[in-house]
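Participant: One structure follows; several queries about it will come next.
Bear in mind these aren't lab numbers, they're just calculated from the coordinates by the rules spelled out. Everything quoted here is computed from the prediction, not taken from an experiment. FYI the Cβ positions are ideal-geometry reconstructions off the backbone, even for glycines, and counts take in every protein chain you see.
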Amino acid sequence: MLTIMTDDKKKDIPIASQVGADDPHLKPDQTAQAHVNPGMAGGGFAAPVTGADRVYEAIYQAVLEHRLSPGERLREEELAQQFNVSRTLVRQALQRLAQDQVIELLHNRGARVPVPSMEDATTVFEARRVVECEVAKRLAGRLTESQLQELLHLAESEAEADRLGHRAQAIRLSGEFHQALARMHGNPVFTRWLTGLLPTTSLLMARFKLEGGQVCVAHRHIDLVFALQKSASVAGAEMRKHLHELEQSLTTVPLPRRQLRDVFQAYRDDTTEL
Ligand SMILES: [Zn+2]
C-alpha cells in the first residue's frame, strides 16, 4: 500500500493489483501488452509474432537498457545467427528500427547504434519538454484511481529494481513510466513521438551520463504522480524540473562496449523463425 494525497485527503491505494485494467485508452487485449513492449513502434500494440518482430523488440530494448552502446555495429549475419532467423528478417527489422530512429543504416556498411551528440541532447530534451510537459498539464487532476495505481506501481517497481541492482530492468521501467503517461493522455501521435525520443535519450545517458546511471530517478517519478493530482501548472512544472535534471546530469564519460552475443543471450532460447 502507498499513501497518496488526493484533494487534501490521504488515500491508501493497493499498488500491485488491477494495474491498467481500467485504462480507457487501451483495448482489453492491449492492457497487459503495453507493459511488456513499451518500445514497439507506437507503444502498446500487439505482441511480436514474427522473427522480424523479435529482432526489432530485442534491439529496441537493448538500446533502451544500455546493453547496446552508441556506435555499436549491427551485422546482419551475426544477428541472423543470434536470433536463428534469416538475414531477410533481420534486414526487415533493421529497416523498421532505422525508421523509428533507434539505429542508423550506413550506406553499404550495415547498421549501427547511433552516436548522439550534445547538440542532439539539446534538441531531444527540447522536444521532450514540449510533449511531456503538455501531457502532464493535460493529465493533471484527471487521472483515474487505476491509472494512478499503474503509475505508482511502475515507479515503485523501478525503485525496487534499482535497489536490487537490476539496472536494465530499472531503465526499462523508467521508460515505461514516461510512455504510460503519453498513453494515458490518449493521443497516439504523442506516444509515437516519445517512442522515437526515448532511445536517443537512453543513448545520450549511455554516452554522457556520469557513472552510467539509470535514465531516470524513481523517486522523481513518485513526485510526478503526486504533482499529477494537483493543478496543471504544478504538474507541468514538476515534469519540466524532472527533464531539466536529466539533461543536467549529462557529462562526457563514455561507457565500455559489450559483445553482441552477450547482449542478446536472454532472447536466444525462445527465438523461432516464423
Ligand atoms: Zn523519468
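Participant: What does the charge count near Glu65 come to, summing +1 for each Lys or Arg and -1 for each Asp or Glu among other residues with Cβ under 10 Å from its Cβ?
Facilitator: Within the 10 Å Cβ shell, the charges total +3.
Participant: OK, next. Using only the alpha carbons of region 145-246, determine the length spanned along each of the three principal axes and report them from longest to shortest in whole angstroms.
Facilitator: 35, 28, 21
Participant: How large is the translational diffusion coefficient of region 51-115 in µm² per second when you combine the Kirkwood radius over alpha carbon pairs with Stokes-Einstein at 20 °C and 1.002 mPa s?
Facilitator: So the translational diffusion coefficient is about 188 µm²/s.
Participant: Moving to a separate point now. Using r as the Cβ-Cβ distance of Thr88 and Asp223, and R0 as 45 Å, what FRET efficiency do you calculate, to the nearest 0.05? It would help to have the intermediate numbers written out before the result.
Facilitator: Details: r = 47 Å, r/R0 = 1.05.
The computed FRET efficiency comes out at 0.45.
Participant: For every other residue with a beta carbon closer than 9 angstrom to the beta carbon of Glu76, add +1 if it is Lys or Arg and -1 if Asp or Glu, then tell me the sum. Spell out each step's value before the answer.
Facilitator: On the way: positive: Arg75, Arg87, Arg91; negative: Glu77, Glu78.
Charge balance near Glu76 sits at +1.
Participant: Kindly write out, for region 119-134 in residue order, the coupling ³J(HN,Hα) from the Karplus curve 6.51 cos²θ - 1.76 cosθ + 1.60 (θ = phi - 60°), rounded to whole Hz, with x marking Gly and Pro.
Facilitator: 5, 4, 4, 4, 6, 5, 6, 4, 5, 5, 4, 4, 6, 7, 5, 5
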